[in-house]
Every structure is written in C-alpha cells, then in structure tokens.
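The values are calculated or read from the model by the stated rules, or taken from the named source; none is laboratory data. Quick caveat: nothing in here was measured; it's all calculated off a predicted structure. Here Cβ is always computed from backbone atoms with ideal geometry, including for glycine, and neighbour counts include all displayed protein chains. Just the protein is used for accessible areas: all its heavy atoms, side chains included, with ligands, DNA and RNA removed. Shrake-Rupley method; radii C 1.70, N 1.55, O 1.52, S 1.80 Å.
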Amino acid sequence: MKVAIYTRVSTDKQLTDGFSLQAQYDRLVEYVKLQGWELIRIYTDPGVSAKDLNRTGVKEMIDDLNACKFEAVLVHKLDRLTRNISDLYDLVELVNKKNVKLISISENIDTSSPMGRMFVYLLGIFAQMFRENLSEEVKKGMVKRAELGLRSTFAPFGYQRSEDGSLIIVPEQAEIIKEVFGLLIQKKWGYLTIAKHLNKKNIPGIRGGSFHSSSIEVILKNHTYTGKNHWKLKEAPESERIIVEAGHDPIIDVETFKKANTIIERRSRKEMSRSSYDYPFSSIVRCGKCGGPYHGLMGPRSGRNYYFYRCSNKLRGKCDQGDLSELKFERLFFEHFVLQNQGISFKEVAAAKDSPKMDRHRIERELEKSDQRRKNWQYAFGDGKLPYKDYVNLIDEEMLRVEDLKMQLENIIEEPDVKITLQEVIETISHLKENWAYLERATRKDFINTIFKGIEITKTDDKWSITNVVWA
C-alpha cells in the first residue's frame, strides 16, 4: 500500500521534547517498515499552529490526496493534523470519498471503519475544547500582565529592549516619532502623505523597511510613546484597552498624543477636513438640506482663482442645494457671529455648560473606582482570601450601584464641550474679522477646525443663512 506521513510541531520548544519532528518521523517511518508499506511522500509543518488547515504542508497533502497519489495518510497523533472539529470532519469526509485511510498510530485509529470515524470525531471535539480553553487562558494571562503594567509585545519603533527587558529610547528614531506627530498636528497631513514624506527623505522605517500608511497609523495611536503600557484583545473595542503607567521614558507628552488622536477621531467622523489648506471651510460647512459636507473647489474667473464650496451629495447628483462662493460665506460667517449674537447672555451659557460637565466627570470617576473595586474582589476571591458568599454579595451590591450610576449618566443633558466660552469665541471672531484678509489660508483653516465641528448652511428663497453650529 502506498502511504504518506504528516508531521507538525507548533513551537520551537517542541523540537526538543517527545513530540519533535524527528521523533514523529522516526516512529512513523518505523511503523511503515513494519507494515511493509511503500512510503510515497513526507509532509511537514514546523512551528505552525493546528487551529486550521491553512498550512503549507497540509495544503500540499490535500492536493496530492485529490490527485490520488497515495492510499493512506499516517500521523503520530490526530491533533498533529488539526484541533478544529469542523476541519477534521471535512478532512475525514475527503479521505473517505477518495478511499484513502487516515491512520493515527498513537491512538490506534483507522478511519476506513465506522468505529474509527466515530472515535476520530470524539477526539476532535476534545482537541477543539482544549484549544479554545487554552486560548481563553492565554487571554486571561495577557490581561493580567497588562493590568500589572508588564509588556507582552516587542519594542515599538523608537525604542529598543535593554538586557533587563525595559524600553530604552533610540534617539534618531525618537526624532522621527516627534516629526510624525508634528506633521499630523501642525500640517494636518494624512497617514499616506506622512509616509511618502518620510520615504522621500530616505528615512528607514520599522525593521529598516519603508513607511506605509498603516505604520504611520500604528505610531500615532501607540500609547507607549507617552510612557505607558497598553493592551487589548484584537477584536475588542478601543474602550476596553488597558492603559497603565510604565517605567520607560516617554517620547511624546500626553497632551500632544491627545491632540493627534482627537484629529484622527474627528476625521473618522467627518468633522474635520481631509482636503488641502486651500479651502479653510471644507467639510466644516454642512448642507442644511441633505446633511452632506461642503467641499472646497477652485476655478479661474476673470484671470484670478475663484474659491467656492459645493455639497458633496450634489457632486454625486443626490442634492440640489446650490454652490456658495467663499467670499459670500465669509460675509455670512462674520455677520452671524458678530452681529446676530451681540445680545446673548454669556453667563447663562456658561452655567448651562459647567454643571452637566462636572456631574459627568464625577459619575465617570465613581464608575472607574467601582471597576477597580470589582477587580480587587476578583483577585481576592481567586487567591482564596475572600469567601465565595461574601464575594457574591459584594458584587451584587456593587452592580446595583453601577446600574444607578449609568442611569444617572444617561440622563445628563450636556451641550457639546468647548475649550473656550461662547463669549470668547464671538469676541475672537469679531477681532479676527478685521485681520482675516491678511491671514494665510492655512492659519484660517487651523482656526476654523479648532473652533467648529460643523456649520450648517441653508438656502431659502435665494437667501443663505447659518441654521446650526456644532462646536469642536
């Protein structure tokens, strides 16, 4: 009988134990000789997990199986092939369809018989349970390490590992990190533009390669550069990221990091323009008819550049609200904030903003403390220092309190948070009006993006008006 053998180890450590590739190979070849079979091919996957069949050795084996190049496949143990019951079922169905035997010499299994197939499925179920349980235990261990402030990953660009495992700043790389943050905050460049800029300067990227938009994004979102350790599950939302103080020196201060990520978040929500600095109001101006952002455009008129704004949905043929010249919008803008708001009660505005903000801050602090208390109780219970009954009572009482706090939080009606009062904004705009024509277009755009998330405009009976304002 013509046979093939398959061997696999999942880690380099297994190269030296009883499941090493050599040990599997020796036992399988000896078994083939004792049976008097003809060995056709050896397939192997060194250092690869058995979570699925997406492995070079397995795929080659399946191709040859479909080509009917052998009559049996031998493995040392079933879990060398896969620990996924669905994949195992498909593989057994395939070998039976091709009249090929699947033989495990350690478990004495031969799938050519009904009893052998049933036993294979049972073992596969247990193998999958083991893999899933191991995965959960690994996740728990990584969460614990993150909460203790220990790093579970390699040193990011800008740092290198010392002999004791701590992070040490690499000065020349640290300067690049600072430049990346500066290009986003000061010039509002996107990931790709920053990457092209660095590559044009022949700056070596991560592991000596080129910079890409994805590598720039990783840098700008990495809390490690602020002197902290952080971790979350890959599929978990950003709100579940664990961030703790670490012992390494920061490259970027926390305020700079927050500024950069605020820009990233606002761009993702389309509250800030991604276009060039030729258009100060681009994306900030919103259509009062369809809600779409107005984008800046330019065309020649009377030998000069003519700047105007057009609804993005009009560009797609889905909106018919008209274009608005930049000059007309600037007049509308200053009239709205300087003339129409002169009689506003600024004291009432300030009072309406401060109280809800303070309540929200207080409740969020209480929720953070509650979360820490529950973690402490879990550790105490896990260490055997807190009896089960006491643990349950404490958790039940605390969760009632948490629900009450969350309800209070949901009931808070809070105006959009502004860094300066409305009075200061209007006074600033009033002074700005006198100097607007002398400012660089980039300076104008910085001001608009800093103060506003959106300015809604509506045209009624051939007259334009600002119908809503969202502060940044």
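Going by the conditions given, is F119 touching a strand residue (DSSP E or B) at 6+ places or on another chain (Cβ under 6 Å), at pLDDT below 80 and either open to solvent by 20 Å² or more (accessible area, probe 1.4 Å) or of a type in the set (F, W, Y) (or both)? It is true that F119 is touching a strand residue (DSSP E or B) at 6+ places or on another chain (Cβ under 6 Å), at pLDDT below 80 and either open to solvent by 20 Å² or more (accessible area, probe 1.4 Å) or of a type in the set (F, W, Y) (or both).
Looking at this structure, is L34 farther than 20 Å from L94 by Cα, open to solvent by 10 Å² or more (accessible area, probe 1.4 Å), modelled with pLDDT under 85 and outside any loop (DSSP other than H, G, I, E, B)? Against the criterion (farther than 20 Å from L94 by Cα, open to solvent by 10 Å² or more (accessible area, probe 1.4 Å), modelled with pLDDT under 85 and outside any loop (DSSP other than H, G, I, E, B)), L34 does not qualify.
Evaluation of E172 against the conditions (1) farther than 30 Å from F447 by Cβ; (2) within 22 Å of the chain's Cα centre (by Cα); (3) not aliphatic (A, V, I, L, M) shows that the sole unmet condition is (2). Does V254 satisfy the condition of being modelled with pLDDT of 80 or more, within 30 Å of D462 (Cβ to Cβ) and among the β-branched types (V, I, T)? No, not satisfied. Assess whether V48 counts as being under 44 Å from the mean Cα position of the chain (by Cα), at pLDDT 85 or above and not in a helix (DSSP H, G or I). Taking the combined requirement at face value, the residue does not satisfy it. Scan region 417-446 for residues that are within 24 Å of I263 (Cα to Cα), open to solvent by 40 Å² or more (accessible area, probe 1.4 Å) and either in contact with a helix residue (DSSP H, G or I) (Cβ under 7 Å, 6 or more places away or on another chain) or modelled with pLDDT of 85 or more (or both) and jot them down. Listed by number, the residues that qualify are D417, T421.
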